[in-house]
Every structure is written in C-alpha cells, then in structure tokens.
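Some notes on the structure that comes next.
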Amino acid sequence: MINNMSSYFVAEKQESVIFVAVGLLAIGLSVWLWMNGHRLKFMAYPLVVIALMQMVVGGTVYLRTDSQVSTLNAQLQLNPAALQAEETRRMQTVMKNFSIYKTIEMLLLIVGVGMIALLPRCDVAAGIGVGLVLQAAFTLTLDIFAETRGADYLSAINGMAI
C-alpha cells in the first residue's frame, strides 16, 4: 500500500506543478496578446480566468501533499482500518468530482468550438472561443489522467488486507 500511495501522490504533485506552469504560461500569453493588439486578444479572458483556477488548485495540491502523505503513512502504521475507511470516503468524493469537472470542461470545449465555428469573423467571439478550447482541452486531458490515477489508488485502498 505504501508504494501505491507514494506513486499516487508523487504523480498528483507533479501534475500540480504542470497546472501552475501552464497557468503562468497562459497569463504570459494573455499579456502578450493584449499588449500587441492581436486579433485574438480576447482569448485572454478565458485563459486568465482558468489559469487563476489552475494555479490555485495546483498550488494547493502541491503545498498540502507532503503533509498529507506523512499523515497517511502514520495512519497506515497505527490504524490501517481507519485509513482504509477514511481514504475510501475521500477518494469516492474525489472520483465523483471528476465527473462534474469533466462535464464542465466538455461544455466549455463545446461552447468554444461553437463560438469559433459560428462567429469566426467576430474577434471577441473567436478569441474567447480559442481560449476556451485551449484551456478546456488541456484541463480535461489532465483530469482524465488524474481520474485514472485516482481509480487505481482507490482500487489499491479497497484491496488492502487488514
């Protein structure tokens, strides 16, 4: 179980760094687009809004992971049954949340593609559409990987011999 837990949380922490880095990149791109008066400068709106969320989530996960792993490792040694029960509940909630996140991300992707397809000559709509497509596709991709990791970790928790 220690190996499964370690693998899961190392990957979560790595993905959180990617979220923060992409958030910073999106903000940098937004500043560049706006300062240069680019036709698609309005993509800065969804880029920045979603980037801020990515940075908050990524930073939070990164900063809490080490102490969370320490607590879980101690609990595994002292009371594996309690760890199993608590982590199962927590991870079931995490897995349910992925369904919500993926639905929102797919809706944003569809809205973005629709804006690009239906209003290609409108700079505001096209820019917002491109920004939505970029951020929603990226976030959806990472969430699919995270969901797979979460399912594997939950399976390992449920398979613990106590």
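The values are calculated or read from the model by the stated rules, or taken from the named source; none is laboratory data. None of the values given here were measured: they were computed from a predicted structure. All Cβ positions, even for glycine, are placed from backbone atoms using ideal geometry, and neighbour counts span all protein chains on display. Side chains included, ligands, DNA and RNA excluded: accessible areas come from the protein's heavy atoms. Shrake-Rupley method; radii C 1.70, N 1.55, O 1.52, S 1.80 Å.
Would you please give the FRET efficiency between D152 and Y45, computed as 1/(1 + (r/R0)^6) with r the Cβ-Cβ distance and R0 = 35 Å, to the nearest 0.05?
Details: r = 36 Å, r/R0 = 1.03.
Once rounded, the FRET efficiency stands at 0.45.
Between segment 124-152 and segment 40-103, what is the C-alpha centre distance in whole Å?
That distance is 16 Å.
Among the aspartates and glutamates, which fall within straight-line cross-link reach of K41, defined as a Cα-Cα distance under 14 Å, with same-chain neighbours fewer than 8 residues apart omitted?
The reachable aspartates and glutamates, counting only those whose Cα sits under 14 Å from K41, are D123.
Which ³J(HN,Hα) values, rounded to whole Hz and listed in residue order, are derived for segment 35-45 from phi using the Karplus coefficients 6.51, -1.76 and 1.60 in 6.51 cos²θ - 1.76 cosθ + 1.60 with θ = phi - 60°, glycine and proline given as x?
My calculation for segment 35-45 gives 5, 8, x, 4, 3, 9, 4, 6, 5, 4, 4 Hz in order.
Can you divide the C-alpha Rg of segment 1-121 by 2.2 N^0.38 Å and report the result to two decimal places? Could the numbers behind the result be given before it?
Numbers: Rg = 19.2 Å, N = 121, 2.2 N^0.38 = 13.6 Å.
Relative to the rule-of-thumb radius for its length, segment 1-121 sits at 1.41.
Explain nothing, just the number: dipole magnitude of the chain about its Cα centre with +1 on each Lys and Arg Cβ and -1 on each Asp and Glu Cβ, in debye rounded to the nearest 20.
Taking the Cα centre of the chain as origin, the dipole is about 340 debye.
Which aspartates and glutamates, on any chain, are close to K13 with Cα under 12 Å apart, when same-chain ones fewer than 8 places away are left out?
Within the straight-line limit of under 12 Å, K13 reaches these aspartates and glutamates: D66.
Where only protein heavy atoms count, and the probe is 1.4 Å, what is the accessible area per residue for segment 1-65 in Å²?
Accessible surface, normalised per residue, equals 56 Å².
Fully extended, how many nm does the chain gain between A74 and H38 (0.36 nm per residue separation, minus their Cα-Cα distance)?
Result: 7.6 nm gained on full extension.
Among T141, G129, M160, which residue has its Cα positioned farthest towards the positive end of the charge dipole of the chain, with +1 placed on the Cβ of Lys and Arg, -1 on the Cβ of Asp and Glu, and the dipole taken about the Cα centre?
The one lying farthest along the dipole's positive direction is G129.
May I ask you to compute the full-extension gain from V31 to R121, defined as 0.36 nm times their residue separation minus their alpha-carbon distance, rounded to one decimal in nm?
Full extension from V31 to R121 adds 30.2 nm.
Using the Karplus curve 6.51 cos²θ - 1.76 cosθ + 1.60 with θ = phi - 60°, work out ³J(HN,Hα) for each residue of segment 116-127 in order, rounded to whole Hz, and write x for Gly and Pro.
Those phi angles translate into 5, 6, 8, 10, x, 8, 8, 4, 5, 5, 5, x Hz.
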